[in-house]
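K.L.:
Before anything else, here's the structure in question.
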Amino acid sequence: TEHLCGQCGGLLEQFRAAPDGESAALFLSAQKFLLDVAEASRNIRLGAMQGPMTRAAEILCGPDFPSPAETAEQLGMGYETFRKQFRQAYQCPPAAYQMRHRLNLAKQLLLDSTKSIQEIAFLCRFSDAFAFSKAFRSVNAQ
């Protein structure tokens, strides 16, 4: 960044102007600068990754609820790379993220509609009401 470039130039000038034997304090400043550079680099990498992972979350939670493998394929990524990047961005695996979304949608439908449990299970892409209730119980038991 422009700020880091300015810091680097300032440190360089301070090192050039420092008398011999008095550069110990400058080394601490240089160390802080390097930590700032590392943090900026990490933020840039996460920011670059965030775009595709935001899109991945949208796909996973779309009306068709594609599998994580299908989502990775839509993004043009290998599944393992996708899974690792998604977990880094959202702190949970893509399948768990999707399941949480499906169950939250089901909760809303249970509260806000007159649909049967079977209909809600179908809308949330569960194979049947039993699979839905089993998933609902397992998540709420944790």
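The values are calculated or read from the model by the stated rules, or taken from the named source; none is laboratory data. None of the values given here were measured: they were computed from a predicted structure. Cβ placement follows ideal geometry from the backbone for every residue including glycine, while neighbour counts extend to all protein chains displayed. Accessible surface is based on the protein model in full, side chains and every heavy atom, while ligands, DNA and RNA are left aside. Shrake-Rupley method; radii C 1.70, N 1.55, O 1.52, S 1.80 Å.
K.L.:
So what is the relative contact order for the chain, in percent, with contacts set as C-alpha pairs under 8 Å and at least six apart? Intermediate results must be reported in sequence, preceding the final value.
P.N.:
Details: 80 pairs, mean separation 19.5, N = 142.
With pairs under 8 Å counted, the relative contact order is 14 percent.
K.L.:
What does the helix-only formula give at 222 nm for the chain: each DSSP H stretch with n ≥ 4 adding -39500 (n - 2.57), the total divided by the residues, and the result rounded to the nearest 500 deg cm²/dmol? Write out the running numbers ahead of the final one.
P.N.:
Working: 7 runs with 110 residues, N = 142.
Result for the chain, helices only: -25500 deg cm²/dmol.
K.L.:
According to a simple spin-label model (label point 7 Å from Cα along Cα-to-Cβ), what is the distance in nm between L26 and E73?
P.N.:
5.9 nm
K.L.:
Scan the chain and note any complete DSSP helix (H) whose C-alpha atoms cover at least 30 Å along its axis and whose Kyte-Doolittle average is -0.5 or more. Write down the numbers at each step before the final one.
P.N.:
Numbers: long enough: 24-60 (53 Å, 0.45).
Membrane-span-like by this criterion, though nothing is claimed about a membrane: 24-60.
K.L.:
Right, next: If the cut-off is 30 Å between C-alpha atoms, which lysines fall inside it for K134, apart from same-chain ones fewer than 8 positions away?
P.N.:
K84, K107, K115
K.L.:
Among (1) 14.6; (2) 15.9; (3) 19.0, find the value of Kirkwood radius over Cα pairs in Å that was calculated from the structure presented, and write down its label.
P.N.:
Label of the calculated value: (3).
K.L.:
Quick one: net charge of Y90's neighbours, Cβ under 12 Å, K/R +1, D/E -1?
P.N.:
Around Y90, the charge tally is +4.
K.L.:
If you roll a 1.4 angstrom probe over the protein chains with everything in place, what fraction of the accessible area of the chain belongs to carbon and sulfur, to the nearest %? Each step should come with its number before you reach the end.
P.N.:
On the way: 5500 of 9540 Å².
Percent of accessible area from carbon and sulfur atoms in the chain: 58.
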